[in-house]
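Beneath this line is the structure, given in structure tokens, with notes to follow.
The values are calculated or read from the model by the stated rules, or taken from the named source; none is laboratory data. If you're wondering where the values come from, they're calculated on a predicted model, not measured in any experiment. In this analysis, Cβ positions are derived from the backbone assuming ideal geometry, glycine residues included, and neighbour counts consider all displayed protein chains.
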Amino acid sequence: MRATQIILVLFWFLCVYAPACFCTNVTYDHRALVIDGKRRVLVSGSIHYPRSTPEMWPDLIQKSKDGGLDVIETYVFWNLHEPVRGQYNFEGRGDLVQFVKAVAAAGLYVHLRIGPYACAEWNYGGFPLWLHFIPGIQFRTNNEPFKAEMKRFTAKIVDMMKQENLYATQGGPIILSQIENEYGNVEVHYGSGAKPYVNWAASMATSLDTGVPWVMCQQADAPDPIINTCNGFYCDQFTPNSNAKPKMWTENWTGWFLSFGGAVPYRPVEDLAFSVARFYQRGGTFQNYYMYHGGTNFGRTTGGPFISTSYDYDAPIDEYGIIRQPKWGHLKDLHKAIKLCEEALIATDPTITSLGPNIEAAVYKTESVCAAFLANTATSDSKVTFNGNSYNLPAWSVSILPDCKNVVLNTAKINSASMISSFTAESLKEKVDSLDGSSSGWSWISEPIGISKDDSFSKSGLLEQINTTADRSDYLWYSLSLDVEDNSGAQTVLHIESLGHALHAFINGKLAGSKTGNAKVNVDIPITLVAGKNTIDLLSLTVGLQNYGEFYDTRGAGITGPVILKGLKNGTNLDLSSQQWTYQVGLKGEDLGPSSGSSGQWNSQSSLPTNQPLTWYKTNFAAPSGSNPVAIDFTGMGKGEAWVNGQSIGRYWPTYVSPNSGCTDSCNYRGPYTSSKCLKNCGKPSQTLYHVPRSWLQPDSNTLVLFEESGGDPTKISFATKQIESVCSHVSDSHPPPVDMWKSDTESGREAGPVLSLECPYPNQVISSIKFASFGTPHGTCGNFNHGQCRSNKALSIVQKACIGSSSCSIGLNTNTFGDPCQGVKKSLAVEAACT
Ligand code: GAL
């Protein structure tokens, strides 16, 4: 071989084999995912990239990493990426590649749930509406047109990831992918088409050769090599369908989603931590929080109907990107505790024994390691003996013993800090630039009532809405004009039957009545008709398309009738259903573009119309100063959609109030959780605050445009900025020492006692004051601590000395430091601090 040939061969070797050095090999066995030959215990959390902004991603991912996550999970949202068939969008919040790279940059793994059916409280479950119009298509069954499209999009995403070297096998972060989503929950309804579809989806996915395992969630019959995984509030009882597959949990719901008209769900962290610990106790090795950061349903992306714009989900990171305490911190401690057991967890299966009624021990033991989990699944506390030692086990809790002897954490004992955050109202008006001489600072355009666009059309009979609008807009006008003989004195009622989701009825240009509902909506609206020509203009609207359930894609909306005029003067009823109706898809303003603030027709000279239905409003404003997250408080408005600098911040609906009952301020975490167990905010508007990402705002000049449907007063709109007022912690002298300080006494002795730690939420902050400190028998909660009868008079100065000026501080609960103000009494240390 000549020298050049040798060089060429060497070069070839380098090219082919060198990248392999960076590759990660991902497989699985019955215990765990196996990464580069090693079984791993992994903690994962969902962050859906379009529910925040690219500017927020790095911080959200870093907070996830700090919280102890190894993996970030996201769905892929087909209708975001392919709004028109063959026309792709991967920009901005849809920049999936950038998101995956941001996770990689933080050193975390990705679980990419391609679906492409997502559910996810996302419009139409993630499917593009155009899919519905493909001739002969049937979704999620053994149907050729559907399968062709599903394969095309799945392959497109896989190829895109491959081109960017994002699979673990290529050195990227993606270690796992999902095909379909919870099909097993609805499979029975799809008859003989179901099973072939599942098998097809599995082999289609496998054929795409990603090099990493695929999962199907809630799919007991997932064919090999696809791993079937569990979703739910608890998955400890789950077993995969083959002993060759690991026990994985793809959705542990950290709270629940909010609906317009509903109360706000929350899930106590004691219960969430209990569910997680139970899962690892009973052989699980991969668990994902759904959601770890829920975020915001911007634009018209919410599913539904009636899913709110906020998708906060009571997640460990709140809608605005701020850690939620004590949830985030307690789970962080839990993850550390579980990781202390990793070597034992991956070494063997657990041996599970009963230590009494509702008391269960699981021991992972080999010659070299031993970890144990002790669970009390009853709703009362218990004392148990395990390995000759005695342990207090609070109700509905798990104690984790990384050395089978010492408890590092109990899921019901929160050692982490809590926090008070609040919204500060700022008036929008003060920020308003004088707009073309408008004294209110607002200008407006009235949206015409009834038909106003050139592309309207007439048809006899009532049309189903989604088939008519193809979801290009929430709105569909149904208009009719009708000659009536003298009807004076008659008690006429307009009877409308609709499939939802909301409608406004205008008679002769005036709003006569409105109705909200889903699936089967009947309304009787008293009306007055004049002799001669009358116009009936019905504005029907969708509020997020259905995203879940069998055949959810064929659920209709709109006024499908009958529509009947009842009680005319001559005593008759008149069925209008099969009349010649005129239809208009969308609003005139949607075509003209006021949402971007650009239409030339804004009025500002005469006085501002308030409580007028169908009105567009616009103002200019300066952003609230500082860097705290910003929301707009829409109190005073009815229902509509809002745009900031042309970006839709979503549908607002502050007049939709939650039921008066069903809420509880202090929800008992003991016992099984359900989505309706812990609710707050009863009798109040479901959502008044709407997130405006900071990156959408300019310091001085911003445009806010609203379309108001039912009537409101825009001068009542204000800003709210969210800040952390206090960080608190309350630790008792019987608490285990912090997880960080845990040492097995078989190793080095164990002298550490309980420690109280405080940490400012933002990296650039320091503790600036101690609002409260008490060692003894303090009581109350963050923001409301009080001294008890027993108190050390040194507490405040000790805490001030240890904390002020630092971004975090730790203080041991030690009577050598504090003195003992009441011997023999159980004591605790409570601190409330401010960070600036
Ligand atoms: C699951 C579904 C998720 C989400 C969740 C509720 O059934 O897989 O996508 O919809 O329910 O938040």
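A few notes on this one:
One line per residue, one yes/no per condition, for (1) at pLDDT 90 or above; (2) out of contact with any helix residue (DSSP H, G or I) (no Cβ under 8 Å at 6 or more places or on another chain):
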position: Ser578; (1), (2): yes, yes
position: Thr582; (1), (2): yes, yes
position: Gly586; (1), (2): yes, no
position: Gly593; (1), (2): no, yes
position: Ser596; (1), (2): no, yes
position: Gln612; (1), (2): yes, yes
position: Thr615; (1), (2): yes, yes
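- Checking each residue in the stretch 201-225 for being among the charged types (D, E, K, R) and either within 16 Å of the ligand (Cβ to nearest atom) or within 16 Å of Ala155 (Cβ to Cβ) (or both) picks out only Asp209.
- Residue match in the stretch 249-261 (condition: surrounded by fewer than 23 Cβ atoms within 10 Å (Cβ to Cβ), in contact (Cβ under 8 Å) with a residue 12 or more places away in the chain and more than 13 Å from the chain's Cα centre (by Cα)): yes
- If you go through the stretch 178-200 and keep only what is touching a Pro at 6+ places or on another chain (Cβ under 9 Å) and more than 15 Å from the ligand (Cβ to nearest atom), you end up with Val198, Asn199.
- Every pair of residues 6+ apart whose Cβ atoms lie under 7 Å, when the first sits in the stretch 563-585 and is free of Cβ contacts under 8 Å to residues at least 40 places away in the same chain while the second is small (Gly, Ala, Ser) and surrounded by fewer than 16 Cβ atoms within 10 Å (Cβ to Cβ): none
- Boolean, Thr285 is under 27 Å from Ser203 (Cα atoms) and out of contact with any strand residue (DSSP E or B) (no Cβ under 6 Å at 6 or more places or on another chain): yes
- Scanning the stretch 688-707 for residues that are within 22 Å of Ile322 (Cα to Cα) and either touching a strand residue (DSSP E or B) at 6+ places or on another chain (Cβ under 9 Å) or not in a helix (DSSP H, G or I) (or both) gives Thr688, Leu689, Tyr690, His691, Val692, Pro693, Arg694, Trp696, Leu697, Gln698, Pro699.
- Among the residues of the stretch 532-550, those that are within 16 Å of the ligand (Cβ to nearest atom) and more than 18 Å from the chain's Cα centre (by Cα) comprise Gly549, Glu550.
For every residue, the table says whether it meets (1) outside the structural domain of Trp253 (by TED's automatic domain parsing); (2) farther than 15 Å from Lys156 by Cα; (3) within 16 Å of the ligand (Cβ to nearest atom).
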| site | (1), (2), (3) |
| --- | --- |
| Gly67 | no, yes, no |
| Arg93 | no, yes, no |
| Tyr109 | no, yes, no |
| Ile114 | no, no, yes |
| Gly126 | no, yes, yes |
| Trp130 | no, yes, no |
| Ile134 | no, yes, no |
| Gln138 | no, yes, no |
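- Count of the stretch 228-273 residues which are under 15 Å from Gly184 (Cα atoms), within 16 Å of the ligand (Cβ to nearest atom) and touching a Pro at 6+ places or on another chain (Cβ under 8 Å): 2
- Some residue of the stretch 156-172 being within 16 Å of the ligand (Cβ to nearest atom), closer than 24 Å to Ile226 by Cα and not assigned by TED's automatic domain parsing to the domain that holds Asp474: no
- Test: residue in the stretch 476-494 that is within 16 Å of the ligand (Cβ to nearest atom) and surrounded by 14 or more Cβ atoms within 10 Å (Cβ to Cβ): no
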